[in-house]
Amino acid sequence: MKCPECQGQSLKKDSERGELVCNSCGLVLEENIVQEGPEWRAFDTEQRNARAHTGAPLKYMSPNKGLVTEIDQYNRDVRGGKIAPSQQAQLYRMRKWHKRASISNSIERNLAIALTELNRVASHLGLTESIRESSALLYRKCVERGLIRGRQIESVVSAVIYAICRQYGIPRTLDEISNVAEIPKKEIGRTYRLITQELELKVPLTNPRFYINRFVTALKLSGDTQTKAIEILDEALKRGLISGRGPMGVAAATVYIASVMTGERRTQKEVADVAGVTEVTIRNRYRELKKALGLKVSI
């Protein structure tokens, strides 16, 4: 951020006055700034927990967003002692009816099924908690817009996960999600296009660079081969050679070329099996890159 008056970058935030001031010319850039931190101070963890005025954050992976009280399964009182058997039976009935009451309409039932499926697919794909929360939030938006009517819950969940992975730059392909969710790839792609159009999502194009590390690790290649593959890919990106080409095929071809150039040759079939593309695709991308970049490679 620069000062519009003197173009200086030395700015000072005055928390007492609530102003943002330029140190060079004294111009007040902002005033009445809201201080978002707490109004109290804490010097250790115990004080911080005691003085906090807020609870746990919302959990979109939970059907009730984590705002409903849960009756646990431990059957113990406040002091840790076991509860009498007669009271345990009463708690069991309370727990059962509590679960039934928490899912009272069709939307809550849909969320309960969908979020369980989302957690299962995300676990198989090795996705982090933040990705799951973002996927759950996007699924809730689909429910609010009525995009789930007439469609399989599994296909919408898979499309949502694919969209979030694209947005966060996480290399997960439609084939991988399709295999885990056991939903046809065409169905996931159709639902994904519907979601992006209706919710006006800005999903960036998949960068082939995201897949190189995976392919190199799966093929047990060295770091030199990975560096060489990235150099070839960066040069191809600069020249616009991968426009209209599938990112998986381009990444697989660059890894194949790099393995030949560094003396760690892998066959086209080995690379194709790891990348999930055909040998014909690798050969076509290989010839294009070799000719356009003037690479001296002999199969």
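Points to keep in mind about this one:
- Test: residue in the range 259-276 that is surrounded by fewer than 17 Cβ atoms within 10 Å (Cβ to Cβ), within 20 Å of the chain's Cα centre (by Cα) and among the small types (Gly, Ala, Ser): no
- Residue check, ILE177 touching a helix residue (DSSP H, G or I) at 6+ places or on another chain (Cβ under 6 Å) and either in a helix (DSSP H, G or I) or surrounded by 15 or more Cβ atoms within 10 Å (Cβ to Cβ) (or both): yes
- Verdict on GLU264 being under 28 Å from PRO204 (Cβ atoms) and either touching a helix residue (DSSP H, G or I) at 6+ places or on another chain (Cβ under 8 Å) or not in a helix (DSSP H, G or I) (or both): no
- Residue tally, condition in contact with a Phe, Trp or Tyr (Cβ under 9 Å, 6 or more places away or on another chain) and either more than 30 Å from ALA251 (Cβ to Cβ) or surrounded by fewer than 18 Cβ atoms within 10 Å (Cβ to Cβ) (or both), over the range 154-173: 2
- Of all residues in the range 67-94, those that are of a type in the set (A, V, I, L, M, F, W, C) have Cβ atoms under 8 Å from Cβ atoms of residues that are surrounded by 10 or more Cβ atoms within 10 Å (Cβ to Cβ) and not in a helix (DSSP H, G or I), 6 or more apart or on another chain, in LEU67/LEU58; ILE83/ASN75; ILE83/ARG76; ILE83/ASP77; LEU91/ILE71; LEU91/ASN75; LEU91/ILE83; MET94/ILE71.
- Residue-level check: of (1) of a type in the set (Lys, Arg); (2) closer than 19 Å to ARG245 by Cβ; (3) in the same structural domain as ILE282 (by TED's automatic domain parsing), LYS220 misses just (2).
- ALA236 out of contact with any Lys or Arg (no Cβ under 7 Å at 6 or more places or on another chain), touching a residue at least 40 places away in the same chain (Cβ under 8 Å) and either buried (at least 19 other Cβ atoms within 10 Å of the Cβ) or small (Gly, Ala, Ser) (or both): yes
- Within the range 84-128, considering residues that are outside any helix (DSSP H, G or I) and surrounded by 14 or more Cβ atoms within 10 Å (Cβ to Cβ), the one modelled with the highest pLDDT: LEU127
- Residue check for ILE183: in a helix (DSSP H, G or I) and aliphatic (A, V, I, L, M): no
- Qualifying residues in the range 224-233 (those that are surrounded by fewer than 18 Cβ atoms within 10 Å (Cβ to Cβ) and closer than 11 Å to SER259 by Cα) - the one farthest from the chain's Cα centre (by Cα): ASP224
- Single match in THR227, THR254 (criterion: of a type in the set (S, T, N, Q), under 18 Å from LYS291 (Cα atoms) and modelled with pLDDT of 90 or more): THR254
- Residue satisfying condition, being at pLDDT below 90, loosely packed, with under 13 Cβ neighbours inside 10 Å and in a helix (DSSP H, G or I), within set ARG287, ARG214: ARG287
The values are calculated or read from the model by the stated rules, or taken from the named source; none is laboratory data. Quick caveat: nothing in here was measured; it's all calculated off a predicted structure. Neighbour counts run over all protein chains shown; Cβ positions are idealised from the backbone, glycine included.
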